[in-house]
1. Among residues other than Tyr50 whose Cβ falls under 11 Å from its Cβ, what is the net charge (Lys/Arg +1, Asp/Glu -1)?
2. Order Trp132, Trp127, most accessible first, counting only protein heavy atoms with a 1.4 angstrom probe.
3. Calculate one ³J(HN,Hα) per residue across segment 432-444 by plugging θ = phi - 60° into the Karplus curve 6.51 cos²θ - 1.76 cosθ + 1.60, and present them in order as whole Hz with x for glycine and proline.
4. With the convex hull built on the Cα atoms of segment 176-303, state its orientation-averaged projected area in nm².
5. Just flag the trypsin sites (Lys or Arg not before Pro) in segment 98-167 sitting in loop per DSSP whose Cβ has no more than 10 other Cβ atoms within 10 Å.
6. What ranking, highest mean first, results for peptides 316-325, 164-173, 56-65, 277-286 when packing means the other Cβ atoms within 10 Å averaged over each residue?
7. Could you report segment 1-149's accessible area per residue, 1.4 Å probe, as an integer in Å²?
8. Roughly speaking, to the nearest percent, how much of segment 91-166's 1.4 Å accessible area is carbon and sulfur?
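The values are calculated or read from the model by the stated rules, or taken from the named source; none is laboratory data. Since this is a predicted model, take the numbers as computed values, not measurements. For neighbour counting, all protein chains shown are included, and Cβ atoms are generated from backbone atoms with ideal geometry for every residue, glycine included. With ligands, DNA and RNA removed, areas are computed over all heavy atoms of the protein, side chains included. Shrake-Rupley method; radii C 1.70, N 1.55, O 1.52, S 1.80 Å.
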Amino acid sequence: MTTPATAIDRARIAELTEREQQRLDAATPRSQALYERARTTLAGGVASSYQVRDPWPIYLSHGLGSRVWDVDENEMIDFHNGFGSMVQGHAHPAIVKAVGDRVKLGTHFAAPTEDGIVVAEELSRRWGLPRWRFVNSGSEATMDAIRIARASTKRETIVKIFGSYHGHHDYVMVSIGVPYDRIGDREDYASLPYGGGIPQASADLTIPVPFNDAGAMERRIERLFEEGRPPACVIMEAAMMNLGVVLPEPGYLEAVRELTQRLGVLLIFDEVKTGLCIAAGGATERWGVKPDLVTLAKTLGGGLPSGAIGGSEEVFEVVERGDVYQVGTYNGNPLTMAAARASLQEVLTPDAYAHLDALEDRLLRGCQDVIDRYGLPGYSVGVGAKGCVTFSPERIVDYETFKEHQDVEITELSWLYAMNRGIFMTPGREEEWTLSVAHTFEDCDAFVAAFEELASDLAR
Ligand SMILES: Cc1ncc(COP(=O)(O)O)c(C=O)c1O
C-alpha cells in the first residue's frame, strides 16, 4: 500500500531539509575548511565531478570494515562503499596483506605477472567466458568492449539503454540524464550528448532504447538494419543501477539474448556495478543469461583501480589476431592483480555471498516495513549487495517512469537524514546502497532506524 507523493506535505519536506542541512554543515567544519583550500587548485575542490556537493563535499580520512571516518572524526557506517567498489569492506586483512606483500616486490612493470593469470582463470570460471583482458576502470572496460564488438562485426552503430550510465567516454555518454521533455518518441529516442565536449557525430552512432522492453529494442534494431546502419552491439546493464535499482522484468533478459542472437548483434553486459556485487558470477550467474562480452570494474580491484573485459573466443579473435589494439600501460598492474586475486580467492567466497544476501534481505524488509507502516510513497528494491528505497508512487521500470514519478525532494532529504545519523550514503538520487562482507545485521538495523526517523518526522 502506498499513498501518492502529493499526500506528503511539501512545506514539511522543505522545513526538514533546511534543518538537516544546517545540522550537517555544523558537523563538518573541517570538510568546509579543506574545501576552501582545495578549490584554489583542484577544479571544484574535488578529483571527479561526481564528488562535487553543495555547499562542500565531505572529506574522508579513513575506513575500516563497514566504517568510515570523515576529517571531523564523524564515524559512519558506510553504505556508499566507493560507488559500489568496496564489497570487501575497508582494509580487509586479506587485501591489506596481499597489497603489502606485493608493494615490497615492485608495483609496476608493464609486463605480465602470475597473479593476472589467476584472476583471469577465476573470472573465466565465474562467468563461463573463456577470454579476458584487464584495464583500469569501468570506462576503459566499456570503451574497449565496444571497440572489440565493432571490429568483430565490422559495424559502427551501437545500441544502449536510455538513461544507463556506462562510463565517461564519448561512445556511451549519450542519452543519460536529460530533461523528460527531450527524451523523444519511445520508438525513436533521441541520441543526446551528456555534457559538453561530446561531438554530436559521435553521439549519433549511439542509439538509445527503453529498458525492460524487448519489443522496442527489436523494432529499433530492425529499423537500423533497414536504414543501412546495423548495430555492432547492445550494451546494457542486466539490472539498471543508476536509477536507484531497476530489476529486469521476468523474461526480459532472455528475450534480449534471443533477439540479439537471432539478429546477429553482439550483447555486452556492463557488469561494472553488478559484477561480483550481486553474485559470484554477477548478473550473468544471477539471471542465467550469458552475453558475448562482459565488463567489470569497481569491486574487482578491492579498492584499487581496476577493470576487465571477458568474452567468447570468437569475439576475442580480433584482439588475438592483433586487429584491435587492446592496450594500456597499467593493464594488469601487479598491485591491482594481487588485490584482485586475494579478493576473489579469500574474500568474495560462497559464504560471503550468502552473508550479503542475508544482509540485503534484512535491509529490504526493514525499509519496506517502515514504508508500509508510515504509508510512504515508495518501495524498497535490490539484489545482492545493492539496493535502495525508491520514492515513487509507481514502480519504476525504465527511464521514462523514473523521470515521471521519482520524488526528488524526499530522496534528497533521506540522504541528509542518513548522513546526520551515522549512515554514509551515496549522494545523488540515482544511486543505491552497497553492502560489504564486513557489514552486520546491526549495521542494517541502524540504516532502517535512521530511515524510520525520516518517516516519522514526515508523518508529523
Ligand atoms: C554500469 C557502469 N559502467 C561503467 C561505469 C564507469 O566506471 P568508472 O567510473 O570506473 O570509469 C560505471 C560507473 O559508475 C557504471 O556504473
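1. In short, -1.
2. Order by accessible area, largest first: Trp132, Trp127.
3. 9, 7, 10, 8, 10, 5, 7, 5, 10, 4, 5, 4, 5
4. It is 8.9 nm².
5. Hits after loop and neighbour filter: Lys104, Lys154.
6. Going by the mean number of other Cβ atoms within 10 Å, highest first, we get 277-286, 164-173, 56-65, 316-325.
7. Heavy-atom accessible area per residue stands at 53 Å².
8. 57 percent
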